[in-house]
Structure formats: C-alpha cells, structure tokens
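One structure below.
The values are calculated or read from the model by the stated rules, or taken from the named source; none is laboratory data. Quick caveat: nothing in here was measured; it's all calculated off a predicted structure. Here the Cβ positions follow ideal geometry from the backbone for every residue, glycine too, while neighbour counts run over all protein chains shown.
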Amino acid sequence: MKPSVAAIASCVLVALCLSTSAAAAQSDGSERSGFENAVHAVILPGTDYAIAPETLTIEAESDSLEELQDAIAAWLSFEFDLPRAHGRAAIAFAPATRMASLRFRDVPSDRWSGTDDILAVYDREARTIYLPEGWTGRTPAELSVLVHEMVHHAQSAGGLTYECPEASEKAAYAAQQRFLSMFGSSLETDFQMDGMTVLVRTRCLY
C-alpha cells in the first residue's frame, strides 16, 4: 500500500540553508535565524531527485532539463501509474500566439477563446512541449506547468485514449495539484483555479 500524500510530503520536505554566514552574529550582537536565504527542497517520491526551484538553471536541451524530465516521468509513473514514455518530449519556448495556434490548430482564428489562459501546450504530433518565453522553472508554479504537459506526453506515448480531449486533462491537473502541494501551494493559490474550475475544464462538453 502506498503511503498517504500527506505522509510523503511531510517526510520529503527539507530546508536547505544556502547562507554560509547563517550562524554568524548580527551587527547588534543577536544571532541570525539561519533561514534568511533558505530554499525548500523536495525529493520526488519514487525517485532520489531533489528539487529546489530557486536554485535551478534550466535551458532547452540542457543536461539539467533532461534530468528533471526523467525525474518527473519517474514520479508520474510511481504516483499515478502513467506509462513511462520511450524518449523524452522535446522542449521549446514559444510566444503566446504560437501556443494558441497549436492549441486551436483546427479552429479559425476568429473563433479562438481563452488564449490568455494558455500557459503551455503539448504537441502530440511533434512530441514537443511548448513553454512560454521567459520560463525558467525557478518556482513551483512554473515547474508544475511542465509537470502538466509531461502528463500529456505520457498519455500520448502510452497510447491512452479518452472520451474527449477535456477528459485527458483530469490526470494532468491532478498531477499538477499534487506537485504544488509538496511545496505548500495549490492550483487555486498559484493559478486561481478552484475545484469547480478544474471540474469544468475536465468535463466532456457533450
């Protein structure tokens, strides 16, 4: 039986102090707390990979990004029984207009809606995750966007089928929420998405 999410989160959350002078006395003689420059690192359950977002330096096609992808893929398989894809998704950075054109490729541009809500896109045909320009992965919120799209990569690579495209979003939002919770955050806190909003976005419209 798998341990509860709460138990996993409480066990893997550790504080790392980055300041070499954490124990030094302040100029007025009082001691520093030691956590002024602390970073919270989380070890992804099912892996030995520790994520401390504030310390990440990620670029497309870099070793650090590939290691991160592998760790997230292993975690998704461990936590959600998603199939492990043979090969990583390509990562590209694109402006909002490019991501909108991919999301609505079969819809006339004058009928596009909700383009402001597009944070990333997975292109199944190209096996590519498109992230917004300026994405660095240095916050749990930004990393959770990558987690969301990697769920879609796993679904596609595993040949999983769904009643409608919206239904495939249920697992993606669940993984994103679980990831954020390990850092003490949530979809509602970081993306203003409450439970009802997620429900609407994951229901088939017919």
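For the reader, a short list of remarks on this structure follows.
- Residues in the stretch 130-165 that are hydrophobic (A, V, I, L, M, F, W, C) and either under 17 Å from L119 (Cα atoms) or touching an Asp or Glu at 6+ places or on another chain (Cβ under 7 Å) (or both): L131, W135, A141, L143, V145, L146, V147, M150, V151.
- Flag for A154 being of a type in the set (A, V, I, L, M), within 23 Å of T128 (Cα to Cα) and surrounded by fewer than 14 Cβ atoms within 10 Å (Cβ to Cβ): no
- Residue in the stretch 157-165 that is surrounded by 15 or more Cβ atoms within 10 Å (Cβ to Cβ), assigned to a helix (DSSP H, G or I) and modelled with pLDDT under 95 present: yes
- Of all residues making up the stretch 35-67, the number that are modelled with pLDDT of 85 or more, outside any strand (DSSP E or B) and under 27 Å from L160 (Cβ atoms): 8
- Put simply, of D81, D70 the only residue that is at pLDDT 90 or above, under 18 Å from E169 (Cβ atoms) and out of contact with any helix residue (DSSP H, G or I) (no Cβ under 9 Å at 6 or more places or on another chain) is D81.
- When residues in the stretch 173-206 are screened for being of a type in the set (D, E, K, R), under 15 Å from the mean Cα position of the chain (by Cα) and over 13 Å from L143 (Cβ atoms), 1 of them pass.
- S181 of a type in the set (S, T, N, Q), out of contact with any Cys (no Cβ under 6 Å at 6 or more places or on another chain) and free of Cβ contacts under 8 Å to residues at least 60 places away in the same chain: no
- When we screen S144, S168 for residues that are on the phi < 0 side of the Ramachandran plot and under 12 Å from the mean Cα position of the chain (by Cα), the only hit is S144.
- Qualifying residue in the stretch 185-203 (condition: within 18 Å of L44 (Cα to Cα) and surrounded by fewer than 15 Cβ atoms within 10 Å (Cβ to Cβ)): no
- Just one of (1) surrounded by 20 or more Cβ atoms within 10 Å (Cβ to Cβ); (2) without any contact (Cβ under 8 Å) to a residue 24 or more places away in the chain fails for E149. It is (2).
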